[in-house]
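Q: I'd like to ask you about the structure that follows.
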Amino acid sequence: MTNLLVILSIALAVGLWVNIRRTQEAAYKAAQKACQEASVQNLDGYVALKKVYFDKSIEGNIRFLRRYQFEFATDGAQRYQGHIVMQGKWPVIVEMESV
């Protein structure tokens with residue numbers, strides 16, 4: 001019985017890690033796309049998880065959201081920040097500081 005609990009705990013941890021990585025990869029792709037559309041350079045090549053929270057949708061449903069941050073530049077000297085709010089693997093909000 002104890003072995004089964006250990007195996008289930010490990011499987012749950014691995015599943016959670018895979019889910020987090022997939023969401024982070026989707027956020028990175030959304031950041032890359034936003035930077036391409038704005039004709040700016042995405043810096044550092046990653047997104048950083050800043051916040052995990054629950055919020056209500058327009059329909060009143062509770063949803064689980066993750067907020068990621070990334071940095072970009074127009075000429076390489078001045079850094080600006082952008083944020084992506086993800087619901088699952090889908091970007092809900094993509095915000096970039098005005099240049």
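No lab work stands behind these numbers, since they all come straight from the coordinates. Just so it is clear, the model here is predicted, and its values are computed rather than measured. Note that we place each Cβ from the backbone using ideal geometry, even for glycine, and neighbour counts take in every protein chain shown.
Q: Return the FRET efficiency for the residue pair residue 1, residue 95: r is the Cβ-Cβ distance, R0 is 41 Å, and the value is rounded to the nearest 0.05.
A: 0.25
Q: Out of segment 1-79, which GluC sites (Glu not before Pro) are coil in DSSP terms and have no more than 13 other C-beta atoms within 10 Å?
A: Sparse-neighbourhood loop GluC sites (Glu not before Pro): 59.
Q: On to the next question. With each label point set 7 Å from Cα along the Cα-Cβ vector, what nm distance links residue 58 and residue 74?
A: Going from the residue 58 label point to the residue 74 one covers 3.1 nm.
Q: In terms of Cα to Cα distance under 17 Å, which lysines are near enough to residue 51, apart from those fewer than 8 places away along the same chain?
A: 89
Q: Residue separation times 0.36 nm, minus the C-alpha to C-alpha distance between residue 19 and residue 50: what's the value?
A: Between residue 19 and residue 50, full extension yields an extra 9.5 nm.
Q: Within segment 7-30, name every residue whose backbone N is under 18 Å away from a label modeled 7 Å from Cα of residue 87 along the Cβ vector.
A: Answer for segment 7-30: 23-24, 26-27, 30.
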